[in-house]
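Note sheet for the following structure.
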Amino acid sequence: MSEKRLKREELHNKIFTKNRLVILNEDTFEELFSFKLNLMNVFVAASLGAILLITFTTFIIAFTPLREFIPGYSSSKLKKDATELALKSDSLTLALQRNEAYIKSIQKVLTGDLEYAKFNKDSILATANETQSPADLSPSEEELKLRKEVAEEEKKSQTNASKAKKK
């Protein structure tokens, strides 16, 4: 136990022993300036300097156009262009599907698989649009029952609240 205590005291003395840092003019040996330092002061100053340097660098990269050079970051212009191109590709895909449906129906007419009286460009385009079926949003019977129960509970709570206010 005493050995540990002696080692701690020795480490404490090494860390907190004051040393002098002197800067001299080599030609005249004139003292330009001097500091009284210990190892703890040097460690704290170096740590703070490193933290400030990292913080400053992070802010420069995060809030300037330099971030575009980091892999994974992209410019706002690039994101805008990508969004526009995605919208254009969706509309082109839809137009391509319509054209393919139109061409298939014309091929059916030319091969004789379809009657001439049923051939109409609008009906062909309508069948191309039917490929995208909308979701069924009508409520089920269970949902209707739940809605009725909630409405009844709300009525009861409103009447109870109005009776409580009157008292």
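Just so it is clear, none of the values below were taken in a lab; they were calculated from the coordinates. The structure presented is a predicted model; accordingly, all values stated were derived computationally and were not measured. Here the Cβ positions follow ideal geometry from the backbone for every residue, glycine too, while neighbour counts run over all protein chains shown.
Remarks
- q = 0.18, 0.19, 0.20, 0.21 Å⁻¹, the chain: log10 I(q)/I(0) [Debye, one scatterer per Cα]: -1.19, -1.23, -1.27, -1.31
- Taking amide H positions as modeled 1.01 Å from N, with prolines and chain starts lacking one, the residues under 5 Å from residue 37 and 5 or more places away or on another chain are 19, 20, 21.
- Each of residue 43 and residue 141 was given a label point 7 Å from its Cα along the Cα-to-Cβ line. The distance between the two points is 7.7 nm.
- The residues neighbouring residue 157, those whose beta-carbon lies less than 13 Å from its own, together hold a net charge of 0 under the Lys/Arg +1, Asp/Glu -1 convention.
- Per residue of the chain, the DSSP helices (runs of n ≥ 4 H) give a summed -39500 (n - 2.57) that works out to -23000 deg cm²/dmol at 222 nm.
- Partner lysines whose Cα lies under 27 Å from the Cα of residue 18, excluding those fewer than 8 positions away in the same chain, are identified as 4, 7, 36.
- Those lysines that a straight Cα-Cα span of less than 16 Å connects to residue 156, excepting residues fewer than 8 apart in one chain: 148, 165, 166
- What the phi angles of the range 11-16 give under the Karplus curve with 6.51, -1.76 and 1.60, with θ = phi - 60°, is a coupling list of 5, 4, 5, 5, 5, 9 Hz, glycine and proline written as x.
- For the chain, the relative contact order is 9 percent, taking Cα pairs closer than 8 Å that sit 6 or more residues apart in sequence and dividing their mean separation by the residue count.
- Proximal lysines to residue 108, defined as alpha-carbon separation beneath 26 angstrom and excluding residues fewer than eight positions away on the same chain: 118, 121
- Counting charges near residue 39 (Lys, Arg +1; Asp, Glu -1) among other residues having Cβ under 14 Å from its Cβ returns a value of +3.
- Over all orientations, the range 2-74 has a Cα convex hull whose mean projected area works out to 10.1 square nanometres.
- The charge dipole of the chain, taken about its Cα centre with unit charges on the Cβ atoms of Lys, Arg (+1), Asp and Glu (-1) only, comes to about 1040 debye.
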